[in-house]
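See below for the structure under consideration.
The values are calculated or read from the model by the stated rules, or taken from the named source; none is laboratory data. Note that this is a predicted model, so its numbers are computed, not measured. With ideal geometry, Cβ positions are generated from the backbone for all residues, glycine too; neighbour counts draw on all protein chains shown.
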Amino acid sequence: MRNLSSGRSSYSYWLSVHVLALFLALLISGECSAVATPTSGIRPGAPINPSVKDRPNDEGGAIEITWEASFDDTRGRGIVRSYSILRSTEAVSGFEKVGEVDSGRGRYLFVDDGVENGKRHFYKLVSQTSSGAISEPCIIGPISASAQWFHSERWNMLIALIIVSASVLTFISMARKGRDLYIRPIAGLQAVDEAVGRATEMGRPVLYIPGILDMDDVQTIAGVAILGRVARKTAEYETPLTVPVSRSVVMSAAQETVKEAYWDVGKPDAFHPEMVRYLTDDQFGFAAGVDGIMLREKPATVFFQGAFYAESLILAETGHSIGAVQIAGTAMTSQLPFFVTACDYTLIGEELFAAGAYLTEDPRLLGSLKGQDVAKGLAIVFILIGIILETAGFHWLTEFLTVN
Amino acid sequence: MTADIGTWLAAFLTLCIFSFLYKDNPFYKFAEHLFVGISAGYWLCYHFWNTVKPNLYDNLVEKGEWQYLLPLFLGICMLLRLFSKIGWFSRWAIAFMIGSGAGIMIITYLQSNFLEQIKSTLVSLDPAGSSWTQVANNSLLFIGVVTGLVYFFFSKAHTGITGGVARVGVVFLMICFGASFGYTVMARISLLIGRMYFLLHNWLGVV
């Protein structure tokens, strides 16, 4: 009897293990029951065809969970109120709720964006009624989030980048080999030397403001590049130069630029670090400070070259009131009208970026300017072809240019 | 009239700044220096507690993420400007900032200032079922963008046909600037109204 009993017990044990293993295998593979199990009489049907995948084209940290509506969602008994999504690093335990989605649709998508990259996760998905009854759980996984190096829907950006970069590099190469690259005259830049000369004749300083943004902004970079040329002229003419800045890094870069310019023309002793002054990061505090400098030092020439915001008219009006020659340049379209109104010369938009190439005649800058001209020519061609296609009812070019 | 000391102080400083409309004077100088000094101090504290502490100190010391030693090193390079003999170290930090900034921004600009602009210009000149005003709008958009692009073409002198087309582009630009000027002036007047309301209502209590 004992042996028989023992044999039955062993048989029951192995049967239980096999049933449990089969159950777990079903759960992990996502094949949860789609039919309501009548345990309480109102238990809803489980979500259908659940699946998980790493969210594509992202920096990682997110998993997409999709499923179809339960048989008891909008169909059947219509008792499903919502779906709960739970997450765990183990297949059978440790689940914590990460979200809930209201019912009423045919297909669902939930993005869990609180996931650690490279870590295995399991998800449990249940439907629930307004009375709190829940369906049989669907456990899906394992899945882990990861970052993608390339956005598969941005081929158009890659193609545009290759075309622009190739044209820029080609022209830089041509410029370095000594090919003469023509740049048309730009009125505001031709006036730079005259403006510095005027300040020299009047015995008054030159004021140069490289915008109010930091060195990671291309307009500030362009403004500091033009500062190099202006500083060379002030060094040659021994004209005082004042450069108020609103960012500490811009102060460092501007000091280096001015120092290099004074060394280049053989007048290192004329350079003083105090020429470049940090005032404050605050926009209107900076405007108030520069206004004060203008009124007290009375510069004969004022340069505004860089990124400006609402302080542009305050500065340009003050410069105008003291009778200074003003040369402005910015790509901030909302501020250009004020500079056009209050300044003697204004570099509009891309003319600011062209200024560095025009003034220094550096092959790298000239090449990049010519390369950008190729890009502009291509843009005109694209627009002409695209408008003909759109008018004829073809939209494929517009779709190609759409960036996701 | 309010008895709140803060409102009195704000009103006094507002009038000090307004006195600039007459000419430079000691009141304006006082308000200007106060504004510049306090804002410089404020932004120093702001950057420390909102940039250095959460982005560097917490990650490096609290979380032990050693890759943040690189920004710490670059930050120290910037501070070495205080010593003239080794101040050139700061050029590394500046070069890193300019290079990484330009590299990151090239993608943003290529998308927003190039592809998106081209795409937005691709409109039908004869949209089905549209009024003549829509056709005129689309035509103006097309002409304005193309002539504007020609104006910013630096490889050819603005003479002959190119000069004529560029001149049309300048006309479009100036009309755009005029509209923008009027719009912004209206916004500035609303700021002035806000300040006058503060003086007359919050301070004097006459309105």
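Among the residues of segment A:376-404, count how many are touching a residue at least 40 places away in the same chain (Cβ under 8 Å), surrounded by 15 or more Cβ atoms within 10 Å (Cβ to Cβ) and facing chain B (nearest Cβ under 7 Å).
2
Kindly indicate whether A:P244 is modelled with pLDDT of 95 or more, away from every other protein chain (no Cβ under 14 Å), more than 23 Å from A:E361 (Cα to Cα) and surrounded by fewer than 24 Cβ atoms within 10 Å (Cβ to Cβ).
no
Looking at segment B:80-111, which of its residues are over 23 Å from the mean Cα position of the chain (by Cα) and facing chain A (nearest Cβ under 10 Å)?
Result: B:R81, B:S84, B:G87, B:W88, B:S90, B:R91, B:A93.
Counting only residues that are within 13 Å of chain B (Cβ to nearest Cβ), out of contact with any Lys or Arg (no Cβ under 7 Å at 6 or more places or on another chain), of a type outside the set (D, E, K, R) and farther than 23 Å from A:D216 by Cβ, how many does segment A:295-338 have?
So the count comes out to 8.
Within segment B:2-12, identify whether any single residue is more than 21 Å from A:V245 (Cβ to Cβ), outside any helix (DSSP H, G or I) and hydrophobic (A, V, I, L, M, F, W, C), and answer yes or no.
Looking through segment B:2-12, at least one residue is more than 21 Å from A:V245 (Cβ to Cβ), outside any helix (DSSP H, G or I) and hydrophobic (A, V, I, L, M, F, W, C).
For B:V165, which of the numbered conditions (1) in contact with a Gly (Cβ under 6 Å, 6 or more places away or on another chain); (2) hydrophobic (A, V, I, L, M, F, W, C); (3) touching a residue at least 12 places away in the same chain (Cβ under 8 Å) fails to hold?
(1)
Mind counting the residues in segment A:186-210 that are outside any helix (DSSP H, G or I) and either out of contact with any helix residue (DSSP H, G or I) (no Cβ under 8 Å at 6 or more places or on another chain) or within 14 Å of another protein chain (Cβ to nearest Cβ) (or both)?
Going through segment A:186-210 one residue at a time, the tally reaches 3.
Suppose we keep only residues that are polar (S, T, N, Q) and within 14 Å of chain B (Cβ to nearest Cβ) within segment A:132-185. Which one would you say is nearest to A:L397 (Cα to Cα)?
Step one: filter segment A:132-185 for residues polar (S, T, N, Q), giving A:135, A:144, A:146, A:148, A:152, A:156, A:165, A:167, A:170, A:173.
Remaining after also requiring within 14 Å of chain B (Cβ to nearest Cβ): A:156, A:165, A:167, A:170.
On the way: A:N156: 11, A:S165: 22, A:S167: 22, A:T170: 27 Å.
Per the criteria, the residue is A:N156.
Of the residues that make up segment B:64-86, is at least one free of Cβ contacts under 8 Å to residues at least 60 places away in the same chain, touching a Lys or Arg at 6+ places or on another chain (Cβ under 9 Å) and crowded, with 16+ Cβ neighbours inside 10 Å?
Scanning segment B:64-86, I find at least one residue that is free of Cβ contacts under 8 Å to residues at least 60 places away in the same chain, touching a Lys or Arg at 6+ places or on another chain (Cβ under 9 Å) and crowded, with 16+ Cβ neighbours inside 10 Å, so the answer is yes.
It is to be established whether one or more residues within segment B:37-45 are in contact with a helix residue (DSSP H, G or I) (Cβ under 8 Å, 6 or more places away or on another chain), more than 10 Å from every other protein chain (Cβ to nearest Cβ) and not β-branched (V, I, T).
For segment B:37-45, residues in contact with a helix residue (DSSP H, G or I) (Cβ under 8 Å, 6 or more places away or on another chain), more than 10 Å from every other protein chain (Cβ to nearest Cβ) and not β-branched (V, I, T): absent.
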